[in-house]
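Right, I'll just put the structure down here and ask away after.
Every number here is computed from the coordinates shown, using simple stated rules; none is lab data. A quick note: this is a predicted structure, and the numbers were derived from the prediction, not measured. Backbone-built Cβ (ideal geometry, glycine too); neighbour counts: all protein chains shown.
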Amino acid sequence: MSQKILTRMGDGERLAMDAQEIRDDIRRGTAEAARRAGVPELTEAEQEELFAILAEPGRIVSVEPGREVIVTDDGCSMSFYSGQDGGGVGAPLSRLQAVLTYERACGADTTSMGHSDYSYKPVKPIINFEANDYYNISQVTTAPFLYGAQPNMGLYFQPDGPCANAAELMPLGKIDEARAAQEEACEHLRRDLVFVGRRLAEVGLEGLNFDTCGSAGDADYLAALQAVEELKKDLPDLPIIMGGAGEFVLGMHGGVEYQGRRLAGLYPHEQVKVAEAAGVDIYGVAVSTATTESVAWNLARAVTFVKAASEASSIPVHANVGMGVCGVPMMEQPPIDAVTRVSKALVQIGKADGL
Amino acid sequence: MSEALFQASVDAVVRGDAKKAEELARQGLAEGIEPLVLINQAFVPGINQVGEMFGAGKLFLPELIMSAKAMQAATDIINAAIPEGNAQEGRGRFVIGTVEGDVHDIGKTIVVALLKANGFEVLDLGRDVPTDRLIEEADKFNAHIIGTSALLTTTMPAQQKLEEALKKAGLKGRFKTMVGGAPVTERWAKKIGADGFAEDAGAAVVVAKQLLATN
């Protein structure tokens, strides 16, 4: 009887697979990514290395000494004080206490804060409060302290915002109107991203994170790129991190371009190049986890995308290892066995510069 | 001749050319091709190809919508040509909405487009839809399936609330239920008693057809 290896499905369900099944899933996962993005599959040796990581008997695994990377925070300290319904643990901590706990007790490489809505639009009317909080906390932190949120262009469509709702116009066949609404929303979003970035820079912002760019499609992604470019003109030393929303940029508009490049359908190795051209300092690759496939399949797929992005990139690539991303199962509390295996594989095989 | 017409029909759907799709549907009927053969061999492969290209990021939402409209235009013509009593089983009626408290509707919009393209009659209730309204509208629409989308872990419980409300009202057997959305999983669907789960828009069509077949 072959030895069973404990692993998980993409929805976190535990299961035991035999070695051949895991190897088969790795092969299928890397082939799927390669076919979609037009990038090379993982080599036989890389597939074996990935198998070895997945088959390690310990509950948790880690990278080899000397191959450690840094972790870029995107709102971890918010999980300390938000309640269970918000995905946190509900500890009675202030923002300041949460950031310091994360930095000093957890030994975080970087820390961050963001509005609890985690979108830039709601920050605009309360920028003075946010800037004040940012300033106060930044005075007592040592590690790089970032401000982060999502562009989230959806908030600019009616009834939440001023623009006609593209998601309602599109099914009616009003393609031109839907596209115009997205272009208008893109402009509002770009302005707000720049506004928040500049105001925080006035109080000594150490780094800005545009997280999950493109979640509302290619125009959302464009707004982030344009905002980076604009901010970098005034603030060339402001570090800006930009993360994707999935393995390809969703074409809700389908026609928007940045520097002559159509954004819809760009895969991570292409995303990182447009981000680099805009002036981004660190790019966060995101690959959606398929809940109906195994961690082996998902991770092989994610490593293939991340490796191609790392090879193409001239800036650091930090792979996203959050809930339901890059092979991490879609669970409210991602299981440590899977998270550590994903982290190790993305760094050692995918050559991610950070997480 | 049929093969050329079938291929031209596939191309028309992929290009989202409704006028051409209508013309080819009429031409196919005029040539005596059985309506169901015409749908299944000339147009369904086209919309399937569109679904695959969309899933791979090779074709985008505006094109998907245009293709769905081309498909609908052709199938309307062909369906009208099917003799009374000979018709394929009725089109599935699908009520869909993003659950109460959740304003995300991009994914749902894509599901609606693909369901329509595959012949479903869809009543899209939009976003932030209360459970009671989902049930009322499903009743009025005489729906086969109620589909709900939730993008947030905090709004997923509304999908469970729907299951409980249907059971309480004695309607669980009348409507099939489907759930979807970024944090939603097969395990969640089983846990709450939903009849179907779909990971993406393409899978939603497949699952909806399966549920319809068991109705």
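So what's the net charge close to B:LYS167: Lys and Arg +1, Asp and Glu -1, counting the other residues with Cβ under 12 Å from its Cβ? Working shown, then result.
Details: positive: B:LYS161, B:LYS168, B:LYS172, B:ARG174; negative: B:GLU163, B:GLU164.
My count for the surroundings of B:LYS167 gives +2.
I want to check the label-to-label distance for B:ARG15 and A:ASP117. Put each point 7 Å from Cα in the C-beta direction and report it in nm to one decimal.
For the pair B:ARG15/A:ASP117, the computed spacing is 4.5 nm.
In addition: Run the helix sum for the protein assembly as shown: -39,500 (n - 2.57) per DSSP H stretch of 4+ residues, divided by residue count, reported at 222 nm to the nearest 500 deg cm²/dmol.
Numbers: 21 runs with 261 residues, N = 570.
It lands at -14500 deg cm²/dmol.
In debye, nearest 20, what is the charge dipole magnitude of the protein assembly as shown about its Cα centre with +1 on Lys and Arg Cβ and -1 on Asp and Glu Cβ, if you could check? Walk me through the intermediate numbers first.
Details: 53 positive and 78 negative charges, 147 e Å.
Approximately 700 debye in magnitude.
Using R₀ = 22 Å, calculate the FRET efficiency as 1/(1 + (r/R₀)^6) where r is the Cβ-Cβ separation of A:GLN158 and B:LYS140; round to 0.05.
Numbers: r = 26 Å, r/R0 = 1.16.
Once rounded, the FRET efficiency stands at 0.30.
Okay, moving on. For chain A, find the longest principal axis of its Cα atoms and tell me its angle to the long axis of helix A:218-234, 0 to 90°, nearest 10.
70 degrees
Which distance in nm do the two modelled labels at B:GLU31 and A:ILE70 give, with both placed 7 Å along the Cα-to-Cβ direction?
The two pseudo-label positions are separated by 6.5 nm.
What residues of the stretch B:60-74 lie in the reach of a label at B:GLU22, counting those whose backbone N is under 20 Å from a point 7 Å from the Cα along Cα→Cβ?
Output list for this probe position: B:63-74.
Give me A:ARG8, B:ARG91, A:ARG341 ranked fewest to most by other Cβ atoms within 10 Å of their Cβ, as a rough exposure proxy. Intermediate values should be presented prior to the final figure.
Working: A:ARG8 23, B:ARG91 16, A:ARG341 27.
Starting with the residue having the fewest Cβ neighbours, the order is B:ARG91, A:ARG8, A:ARG341.
log₁₀ I(q)/I(0) of the stretch A:4-348 at q = 0.09, 0.10, 0.16 Å⁻¹, via Debye over equal Cα point scatterers, no solvent, to two decimals?
For the stretch A:4-348, the Cα-only Debye profile gives -0.50, -0.61, -1.43.
Under 8 Å for C-alpha pairs, at least 6 residues apart: give me the relative contact order for the stretch A:4-348, rounded to a whole percent.
On the way: 686 pairs, mean separation 73.8, N = 345.
21 percent.
If amide H atoms are built 1.01 Å from N in the plane of the peptide, which residues on other chains or at least 5 residues away come under 5 Å of the amide H of A:ASN165?
Residues meeting the criterion, in which the H sits 1.01 Å from N, are A:GLN158.
Let me ask something else about it. Let me have the relative contact order for the stretch A:117-190, percent, based on Cα pairs under 8 Å that are six or more residues apart.
On the way: 54 pairs, mean separation 20.4, N = 74.
Relative contact order, the stretch A:117-190: 28 percent.
On to the next question. Could you work out how much longer the chain between A:ASP176 and A:ILE60 gets when fully extended? Use 0.36 nm per residue separation minus the Cα distance between them, nm to one decimal. Walk me through the numbers on the way to the answer.
On the way: separation 116, 0.36 × 116 = 41.76 nm, distance 5.13 nm.
Full extension from A:ASP176 to A:ILE60 adds 36.6 nm.
Below 8 Å between Cα atoms, with a sequence gap of 6+, how large is the relative contact order for chain B in percent?
17 percent
If we count other beta carbons within 10 Å of each Cβ, what is the order of A:CYS186, A:CYS163, A:CYS326, fewest first?
Working: A:CYS186 26, A:CYS163 21, A:CYS326 30.
Ranking A:CYS186, A:CYS163, A:CYS326 by Cβ neighbours within 10 Å, fewest first, gives A:CYS163, A:CYS186, A:CYS326.
Which value in nm describes the separation of the simple spin-label points at B:ALA80 and A:ASP237, placed 7 Å from the Cα toward the beta carbon?
In this crude label model, B:ALA80 to A:ASP237 measures out at 7.1 nm.
A further question follows. Cα centroid distance between the stretch B:1-74 and the stretch A:208-276, in Å?
Going from one Cα centre to the other spans 34 Å.
Where a Cα-Cα gap under 28 Å defines reach, which lysines qualify for A:LYS307, not counting those fewer than 8 residues away within the same chain?
Within the straight-line cut-off, A:LYS307 pairs with A:LYS232, A:LYS273, A:LYS344, A:LYS351, B:LYS58.
Separation of the stretch A:69-145 and the stretch B:161-215 by C-alpha centroid, Å?
Going from one Cα centre to the other spans 37 Å.
Among B:LYS140/B:LYS167; B:LYS140/B:LYS172; B:LYS20/B:LYS176; B:LYS172/B:LYS209, which pairs are too far apart, with a Cα-Cα distance over 24 Å?
Numbers: B:LYS140/B:LYS167 18 Å; B:LYS140/B:LYS172 16 Å; B:LYS20/B:LYS176 36 Å; B:LYS172/B:LYS209 18 Å.
Too far apart for the 24 Å limit: B:LYS20/B:LYS176.
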